[in-house]
1. Just give me the residues in the range 153-185 being open to solvent by 20 Å² or more (accessible area, probe 1.4 Å) and assigned to a helix (DSSP H, G or I), in sequence order.
2. Please specify each residue of the range 75-108 satisfying the condition of being in contact with a Leu (Cβ under 9 Å, 6 or more places away or on another chain), modelled with pLDDT under 90 and more than 25 Å from Ile9 (Cα to Cα).
3. Only residues in the range 196-224 that are in a helix (DSSP H, G or I) count as the first member; pair them with residues that are among the polar types (S, T, N, Q) and surrounded by 17 or more Cβ atoms within 10 Å (Cβ to Cβ), Cβ under 6 angstrom, at least 6 apart or cross-chain, and list the lot.
4. Pull up the range 107-128, narrow it to residues that are surrounded by fewer than 16 Cβ atoms within 10 Å (Cβ to Cβ) and assigned to a helix (DSSP H, G or I), then point me to the one that is nearest to the chain's Cα centre (by Cα).
5. Which numbered condition in (1) without any contact (Cβ under 8 Å) to a residue 40 or more places away in the chain; (2) of a type in the set (D, E, K, R); (3) more than 20 Å from Leu210 (Cβ to Cβ) is the only one that Arg121 fails?
6. For the range 6-106, list the helices (runs of 4 or more DSSP H) that sit wholly inside it and hold at least 1 residues that are open to solvent by 10 Å² or more (accessible area, probe 1.4 Å) and over 24 Å from Ile170 (Cα atoms); which are they?
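The values are calculated or read from the model by the stated rules, or taken from the named source; none is laboratory data. Predicted model only: the values in this text are computed from it and were never measured. We place every Cβ from the backbone using ideal geometry, glycine too, and count neighbours over all the protein chains shown. The accessibility values were calculated without ligands, DNA or RNA, using every heavy atom of the protein model including side chains. Shrake-Rupley method; radii C 1.70, N 1.55, O 1.52, S 1.80 Å.
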Amino acid sequence: MNTDATQSIVVDNLTVRSAEGSTLINNLSFNLGKQRLALVGESGSGKSLTARTLMGLLSPALQMQATTLNIAGTDGLTLDKHGWNQLRGSKLGMVMQDPKYALNPQRTIGWQVAEPLNLHRRYGRREINERVCDMLDAVGLPQPAALMQRYPHQLSGGMGQRVMLAIALIAEPQFLIADEPTSALDQVMRERVLTLIHNLVEQRNMGLLLISHDLPLVAEHCEQVMVMYRGDLLDTLPAASLPQATHPYTRTLWACRPGKATHGTLLPVLDRAMLTAGMNHD
């Protein structure tokens with residue numbers, strides 16, 4: 001385990017509750033260093049809520065508490081709004097699910113990719129334009145100088161996803177959170193975008209928290225996997241071991257993937273009573 005607090009994200013006993021008192025995340029603990037870590041589970045299991053907590057983007061209607069919430073040496077439990085604004089982009093970058101909703105339709109691509117540099121770095125206009133051009137090229141976008149003048153509606157879904165990746169990486173953060181970054185893409189483009197994220201994270205020596213429903217892509221591109229169910233962390237295992245998972249929930253998640261081999265057959269269904277038995281929610 002990485003003992004240098006400035007090189008890791010440390011979460012200990014993170015709990016998030018709704019205003020009505022329902023537990024949405026229950027005593028979650030993990031340590032993310034310079035590795036590729038996946039967070040998987042069904043919709044509603046608390047994956048995206050975990051990501052938003054790490055980014056300081058929780059709704060005011062939710063109540064968060066934790067023993068430790070350390071983001072690259074910064075105590076997230078003591079940060080105010082200004083502190084979170086400084087942390088986002090400089091130490092933490094995030095790629096959201098769908099560029100149609102995450103990108104500003106009224107701003108050019110160049111303006112949006114440059115915004116983190118304007119907020120977190122002190123560069124002249126020429127150097128900012130050069131860095132934006134280089135970043136668009138690094139994420140595999142053609143003719144970056146011309147692309148800077150275009151608007152989100154002029155891009156395909158795959159191009160928009162790469163633009164969001166450029167925005168997340170332009171200020172050289174230490175960690176990248178990718179929340180279902182391929183959910184709006186076809187299978188071929190999913191593989192290309194995940195391969196791109198994998199390679200960029202390795203080249204830049206970053207830590208990655210990947211939130212995904214696509215277990216085969218997780219097995220291919222991540223090193224460790226955390227499996228959540230209704231706010232609880234049920235299982236942690238090496239990503240390459242997903243096909244041989246021993247936990248019943250993890251095993252069922254892997255087995256219920258639709259594909260050619262399962263066409264025309266019923267997919268397995270988990271006995272949820274077996275999972276909920278013994279879970280101690282407040």
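1. His153, Gln154, Gly157, Met159, Arg162, Ile167
2. Within the range 75-108, Pro99 is the sole residue that qualifies.
3. Listed pairs, sorted by first residue: Val218/Ser212.
4. Filtering the range 107-128 for residues that are surrounded by fewer than 16 Cβ atoms within 10 Å (Cβ to Cβ) and assigned to a helix (DSSP H, G or I), the one nearest to the chain's Cα centre (by Cα) comes out as Leu119.
5. (1)
6. Working: elements: 47-54, 81-90, 99-102.
Correct list: 47-54.
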